[in-house]
Amino acid sequence: MEQTLDFILLLVALCSVSECVQRQYHFINENKTWTEAQRYCRENYTDLATTDNMNDMNELMKSVNDGSVRFVWIGLERKWQWSSREPVLYLNWAPTQPDGRDECAGMKNGQWHDLRCSDDKWKFICNNNKLIVIRESLTWSEALRYCRQNHVDLVSVHSQEMQRRVMNVVKRASTAELWLGLRHSHILGVWYWVSGETVCYQNWAPGNGTSEEDCEHTVRSGAVQSGGDQRWISRPETDKLNFICSRY
């Protein structure tokens, strides 16, 4: 029965088209400098808006519900990196931009312009991809069910930036570890995220996440430490831990 559940979860994960899951954007109808906008987004949402592709850009443009807006801040800053430190996978500069004189990016009619970070005040767009720690001790399967019924899913830590966000919230836990959406398939001998995202980035504690999992008869799932350097560990899925849900 456990192997059947494990196989079904793996199939669902592999069949998920995770790159089609769009970010949720929030247009903020207040004029602020880029730094003030960044602070507002980090306090109330996740960060200033990030885009990875044209689908994101279309959603970004839809979020601007004020036709009189000249520019809106997005999360691209000095040396053209994202405020969230996510990798820059997509750029959409207007012709002749950036011109090298200014150091923060704003969007106008779907194209990007470099603007003065500290002097200019514009409306802005935030990403919302918050994480929430559930201070209830459940098995991994119970935690997965809880997140999917009440939020979106158990969190997938697919990048160093997402690990940083996890590290910002784990200290709220009442258990030494918290469940992640990370599962080990005894059938295939691989770890996978139940959201369908690829396990490329890894942050295992020494001795965890190894091939020795294949020799275990107990179903294993991934957790993150709430103390120390917040690395990932492998635990029997029947352990009862706090957990982290992603929500939009």
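Look at (1) touching a residue at least 24 places away in the same chain (Cβ under 8 Å); (2) out of contact with any His (no Cβ under 9 Å at 6 or more places or on another chain) and you find that ILE125 fails only one, number (2).
Would a scan of region 138-146 turn up a residue that is assigned by TED's automatic domain parsing to the domain that holds ALA37 and aromatic (Phe, Trp, Tyr)?
Checked against the condition, which is being assigned by TED's automatic domain parsing to the domain that holds ALA37 and aromatic (Phe, Trp, Tyr), region 138-146 yields no hits at all.
Among residues of region 146-169 being assigned to a loop (DSSP other than H, G, I, E, B) and not aliphatic (A, V, I, L, M), the one that is farthest from GLN225 (Cα to Cα) is HIS151.
Table: residues versus (1) touching a helix residue (DSSP H, G or I) at 6+ places or on another chain (Cβ under 6 Å); (2) over 20 Å from PRO87 (Cα atoms); (3) at pLDDT below 50; (4) among the polar types (S, T, N, Q).
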residue	(1), (2), (3), (4)
GLU19	no, no, yes, no
ALA37	no, yes, no, no
TYR40	no, yes, no, no
ASN58	no, no, no, yes
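Tell me which residues, restricted to region 56-108, are β-branched (Val, Ile, Thr) and in contact (Cβ under 8 Å) with a residue 24 or more places away in the chain. Outline the logic, then answer.
Initially, region 56-108 is screened for residues β-branched (Val, Ile, Thr), giving 64, 69, 72, 74, 88, 96.
The answer is VAL64, VAL69, VAL72, ILE74.
Is it fair to say VAL157 is at pLDDT below 90, crowded, with 16+ Cβ neighbours inside 10 Å and under 12 Å from ILE244 (Cα atoms)? Considered against the rule, which asks whether it is at pLDDT below 90, crowded, with 16+ Cβ neighbours inside 10 Å and under 12 Å from ILE244 (Cα atoms), VAL157 comes out as no.
Residues to consider are TRP140, TRP112, TRP73; find the one that is under 30 Å from ARG231 (Cβ atoms) and touching a strand residue (DSSP E or B) at 6+ places or on another chain (Cβ under 8 Å).
Details: TRP112 fails: under 30 Å from ARG231 (Cβ atoms); TRP73 fails: under 30 Å from ARG231 (Cβ atoms).
When all the criteria are applied, what remains is TRP140.
The values are calculated or read from the model by the stated rules, or taken from the named source; none is laboratory data. Please read these numbers as outputs of a predicted model, since none were measured by experiment. Heads up, the Cβs are rebuilt from the backbone with ideal geometry, glycines too, and the neighbour counts pull from every protein chain shown.
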